[in-house]
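The values are calculated or read from the model by the stated rules, or taken from the named source; none is laboratory data. Keep in mind the model is a prediction, meaning the values are calculated, not measured. Neighbour counts are summed over all protein chains in view; Cβ atoms, including those assigned to glycine, are modelled from backbone coordinates with ideal geometry. All accessible areas refer to the heavy atoms of the entire protein, side chains included, with ligands and DNA or RNA removed. Shrake-Rupley method; radii C 1.70, N 1.55, O 1.52, S 1.80 Å.
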Amino acid sequence: VRFDTKKARTFDLEAMFEQTRRTAVERSRKVLGEKCERSWLLHFKTCFDFGPSMQSQSSAKGPAEDTDDDDDDDDDDDEFIGPPLPPGSLLTLTYILHWCLFGDNTVFTDVNFLFFQNPVKKIPDSHEITLQHGTKTVSALGLDPSGARLITGGYDYDVKFWDFAGMDASLQAFRSLQPCECHQIKSLQYSSTGDVILVVSGNSQAKVLDRDGFPVMECIKGDQYIVDMTNTKGHTAMLNSGCWHPKIKEEFLTCSNDGTVRTWDVNNEKKHKSVFKPRSAQGKRVIPTTCTYSRDGKLIAAGCQDGSIQIWDRNMNVHTKFHCRQAHASGTDTSCLTFSYDGTVLASRGGDDTLKIWDIRQFKKPLNSADGLPSFFPMTDCCFSPDDKILVTGTSVKKGGGSGKLFFFYRETFQKLYEIEVTDASVVRCLWHPKLNQIMVGTGNGLAKVYYDPVKSQRGAKLCVVKTKRKERQAETLTQDYIITPHALPMFREPRQRSTRKQLEKDRLDPMKSHKPEPPVAGAGRGGRVGTHGVTLSSYIVKNIALDKTDDSNPREAILRHAKEAEENPYWVAPAYAK
């Protein structure tokens, strides 16, 4: 008997993935090369007017032959990609000569991809929705990591929760609360896992809420009579900013007017984890106005009121690792610090109307700077685009002084790429979510705007704009009308069942039904009762003297009660007038 054993077929997955990747790269390079070549030749023809010879050269050397059938399909591709070059420029001549001599598309593809790809097309601003937070400034914005929920906080003390998947076209918040009572909201941020929210307000105690707004922990308040802030367990003055650690989900950071930057653990609300104390060049205390972690969580940066930016190693809180003393004008509030996604540069938004970008390894001088960006709020921020190539910030305006704008700068050259007129008020907060590819903006007139593009953006605002407003339920409308039946007359009406809780509250106010005991005597005595000062004869005499013998009946009857006795035995009035 012979058994045939078949060997199982094996697959080399790495080789298959590599082959697929190479095919995709070659195909994309070919398509991009064709599009780039047509756009460059169209531009060259415009600049130099080479005439029919260039067109014949294009059909001879180009990788794709244009026919009459696909003219309509290529109309959209015949646009010049990138900024227009001046006619007869050296760069233009170089690349047209290279193409004519060698017929090579690679140089066109690489140059177009590296230098002339238009970054403005990546900005998702074709559509917008407006969320009405209130009437006062929206000073805080937060999006969870998945982009499903947005939270807004303002100068009206309110924090509102918006659920993109649960909202319809009416754009109403599903929850509103005041977690810090009568304190303005300074900062809101979801943790890295999205399960808790850090709330930083104008008081000295930061709070942590869960996703539905219920309190999880509250930082302890420090002892304001201790001079050395290291020995206090918490902040003793108003908070300015705060943020979560990007890697450790239980740790967060806050800075305060008490001159300290503190790290906290959600599981320990009794004491901070560590304290960082920024100092001036003379060694004096300075107030940090903003703070943040680096992208890997190893560094802690703080912008201070003396215009300095100070950076510490997270595990060494005594001396700064990097610092720049004159980063911004002294006496102005640096309102935002943010690290790029690659972690190599730091952007700062100053109260001196500037936006700067720094290489922390060469921290004496900014890489680039932009000025003329007014900022009236201590929380005006800036952010990087998801591809890390664009930097965004907002500007402030006075009432009736124009429109607040959102400015987009190219990170490498700091050239202004684009601007959006948001509203006739200041633009305070801006947030560009990397997963949704949508831009959230908080303004000075109580609006939160969301900019998106139906093609480039994902989920978020796209989910709620397509939903129609919910109709009122029929049961809700019927409750407004009254149907009178014969049995509704008072003589036939059954006694309405009253709420037990309301009845108990009324009984509680009735001293007879609630058997309220007599309150203790306070003061000199009232109603015939005198406070006891000991069982003595004097206290007994005082009690009897102070007895209230007033008659609460009709005063006329009380007087006439003595009329007969006064007439029979006059003693006071009649003898005086006898003579």
Cross-link reach list, lysines versus residue 579, counting only Cα pairs under 29 Å and skipping chain neighbours closer than eight places = 564
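Using only the Cα atoms of the range 242-374, what semi-axes does the equivalent ellipsoid have when each is the square root of 5 times a gyration tensor eigenvalue? Give whole Å, largest first.
Taking √(5λ) for each eigenvalue gives 23, 17, 13 Å, largest first.
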The range 215-310: C-alpha gyration tensor shape, a/c 1.5 cut-off, then a/b vs b/c | oblate
Can you list the residues, at least 5 places off or on another chain, whose amide H is less than 5 Å from the amide H of residue 144, using H built in the peptide plane?
-> 149
Counting only protein heavy atoms and rolling a 1.4 Å probe, one gets per residue an accessible area for the range 143-278 in Å² of 39 Å²
Per-residue HN-Hα couplings for the range 206-218, Karplus 6.51 cos²θ - 1.76 cosθ + 1.60 at θ = phi - 60°, whole Hz, x for Gly and Pro?
-> 6, 10, 10, 10, 7, 4, 9, x, 8, x, 10, 7, 9
Using r as the Cβ-Cβ distance of residue 367 and residue 192, and R0 as 30 Å, what FRET efficiency do you calculate, to the nearest 0.05?
-> 0.60
Let me know the shape class of the range 400-454, please: from the alpha-carbon gyration tensor, a ≥ b ≥ c as square roots of the eigenvalues, rounded when a/c is under 1.5, otherwise prolate if a/b is greater than b/c, or oblate.
-> oblate
Whichever lysines have a C-alpha closer than 16 Å to that of residue 271, once near sequence neighbours (fewer than 8 apart) are set aside = 207, 221, 233
Apply the Karplus parameterisation 6.51 cos²θ - 1.76 cosθ + 1.60, with θ equal to phi minus 60°, to every residue of the range 428-444 and state each ³J(HN,Hα) to the nearest whole Hz, in sequence, with x for glycine and proline.
-> 9, 10, 9, 8, 10, 7, x, 7, 6, 6, 10, 10, 9, 10, x, 10, x
Measure off, as a whole percent, the carbon and sulfur share of the 1.4 Å-probe accessible area of the range 273-394, all protein chains present.
-> 49 percent
For the range 229-236, Karplus couplings with θ = phi - 60° (6.51, -1.76, 1.60), whole Hz, Gly/Pro x = 5, 5, 8, 8, 8, x, 6, 10
Return the long-range amide H neighbours of residue 154 (sequence gap of 5 or more, or a different chain), with a cut-off of under 5 Å between placed amide H atoms.
-> 139, 185
Cross-link partners among lysines for residue 513, C-alpha distance below 29 Å, same-chain residues fewer than 8 apart left out?
-> 502, 549
Where does each of 299-305, 505-511, 284-290, 156-162 land if you order them by average Cβ count within 10 Å, highest first?
-> 299-305, 156-162, 284-290, 505-511
Averaged per residue, what accessible surface does the range 307-436 expose to a 1.4 Å probe, in Å²?
-> 44 Å²
